[in-house]
Ligand SMILES: O=c1[nH]cnc2c(CCNCC3CCCCC3)c3[nH]c(NCc4cccs4)nc3cc12
């Protein structure tokens, strides 16, 4: 029995809209999950995140296991209590960041071992330890298996090795997770850009059985077109009655094109990271607020938004804050960008529910890509 019921409300082509029901609240899909790296969605309070309409955020295993440590978060009541976020949290396994962030990491059949970028201390991450950190210590609602994301481009033989290791780790993760019914475990499809490998990966995950399935190994430099070519077939290899989560994606156009190909859930640091550097995402595309043309532009980023950061402040004022390196600039633009990504997924949910997603997709591309 799957831990979390996933009710698909409407379908248009491959696009679906639905609700993933969890003990801590419902997740409306398509869903964008803001990234909460070190127990905070950077520069935002949990009340601001909630106000944007986000139903779920990401927690970051790699950072929290290093600082303050997963055991300390557990002693303080778990991640929800620690950061005062009472809705669902999805935690990553920690593996992706170890292999892309920390100094030295060694990958074996048994584990990933690495040195902390904080204090150089040595750490060992096995599939079992990752489940313990996520499920028992942080208290995550959706737990991700430990996997190996093979760098792009990859030779087929190398991609196979990574896919097979991830499949063996999927089995170990499921065994360690056990039969919990108040938390969910997602498996991760690998196979780089090779259809046969992604098919084999999907079959092995389906055999083991997960509450949801992630599509890994993408948004690692292959570019939008190559990613879409994989998404033309990859989501359909996974069970259609369970949520599909495309990891690390992405720009607004990536979300629209992935939803059109059957993806339900997304996470990306883009809205918060680009917001901190003065980039605002809008229906008319991204704009850089440091640009002189906004120096006396009294218009807000989006007068029709219900988000104060989008509706109440002039571009001139926001530009001033960034030129003066005032913290409020980063706060308001992170808030605006997260609100925009939530408005985008809400608009897609409504379009699919009303059978007009193809028109939405066409009109969005015309307006958003016009510059
Ligand atoms: O196969 C994968 N397996 C596991 N994780 C992946 C991730 C990390 C997803 N966000 C985690 C978050 C956890 C909380 C902190 C922030 C990350 C990916 N991110 C990207 N692209 C975006 C990229 C970001 C950086 C380099 S590429 N492709 C990814 C592929 C995989």
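Before moving on, here are some points about what is shown:
- From the list 184, 214, the lone residue that is under 20 Å from residue 30 (Cβ atoms), touching a residue at least 12 places away in the same chain (Cβ under 8 Å), within 18 Å of the chain's Cα centre (by Cα) and away from the ligand (no atom under 11 Å from the Cβ) is 184.
- There is at least one residue in segment 147-155 that is within 14 Å of the ligand (Cβ to nearest atom), under 16 Å from the mean Cα position of the chain (by Cα) and either under 28 Å from residue 345 (Cβ atoms) or not assigned by TED's automatic domain parsing to the domain that holds residue 87 (or both).
- The residue that is farthest from the chain's Cα centre (by Cα), counting only those in segment 77-118 that are over 19 Å from residue 134 (Cβ atoms) and touching a residue at least 40 places away in the same chain (Cβ under 8 Å), is 109.
- Residue within segment 69-88 that is surrounded by 15 or more Cβ atoms within 10 Å (Cβ to Cβ) and modelled with pLDDT under 95 present: no
- Looking only at residues of segment 44-58 that are away from the ligand (no atom under 14 Å from the Cβ) and either in a loop (DSSP other than H, G, I, E, B) or within 12 Å of the chain's Cα centre (by Cα) (or both), we find that the one that is surrounded by the fewest Cβ atoms within 10 Å (Cβ to Cβ) is 45.
- When segment 272-283 is filtered for residues that are away from the ligand (no atom under 12 Å from the Cβ), outside any strand (DSSP E or B) and either under 19 Å from the mean Cα position of the chain (by Cα) or under 26 Å from residue 245 (Cα atoms) (or both), the ones remaining, listed by number, are 274, 275, 276, 283.
- Qualifying residue in segment 132-143 (condition: under 23 Å from residue 79 (Cα atoms) and either assigned to a strand (DSSP E or B) or outside the structural domain of residue 209 (by TED's automatic domain parsing) (or both)): yes
- Here 154, 159, 170, 176 are screened, and the one residue that is touching a strand residue (DSSP E or B) at 6+ places or on another chain (Cβ under 6 Å), at pLDDT 95 or above and surrounded by 17 or more Cβ atoms within 10 Å (Cβ to Cβ) is 170.
- Residue among 240, 229 that is more than 15 Å from the ligand (Cβ to nearest atom) and under 29 Å from residue 284 (Cα atoms): 229
- Given (1) more than 18 Å from the chain's Cα centre (by Cα); (2) in contact (Cβ under 8 Å) with a residue 24 or more places away in the chain; (3) not in a strand (DSSP E or B), index of the condition residue 8 fails: (3)
Results for (1) within 16 Å of the ligand (Cβ to nearest atom); (2) buried (at least 23 other Cβ atoms within 10 Å of the Cβ); (3) over 17 Å from the mean Cα position of the chain (by Cα), shown as yes or no for each residue.
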{"position": "14", "(1), (2), (3)": "no, no, yes"}
{"position": "18", "(1), (2), (3)": "no, yes, yes"}
{"position": "21", "(1), (2), (3)": "no, no, yes"}
{"position": "27", "(1), (2), (3)": "no, yes, no"}
{"position": "31", "(1), (2), (3)": "yes, yes, no"}
{"position": "34", "(1), (2), (3)": "yes, yes, no"}
{"position": "38", "(1), (2), (3)": "yes, no, no"}
{"position": "42", "(1), (2), (3)": "yes, no, no"}
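- Yes/no for residue 261 being buried (at least 23 other Cβ atoms within 10 Å of the Cβ), within 21 Å of the chain's Cα centre (by Cα), more than 13 Å from the ligand (Cβ to nearest atom) and more than 22 Å from residue 107 (Cα to Cα): no
The values are calculated or read from the model by the stated rules, or taken from the named source; none is laboratory data. All figures in this text were calculated on a predicted structure; none of them were measured in a lab. Cβ coordinates were reconstructed from backbone atoms using ideal geometry, including for glycine residues, and neighbour counts include every protein chain displayed.
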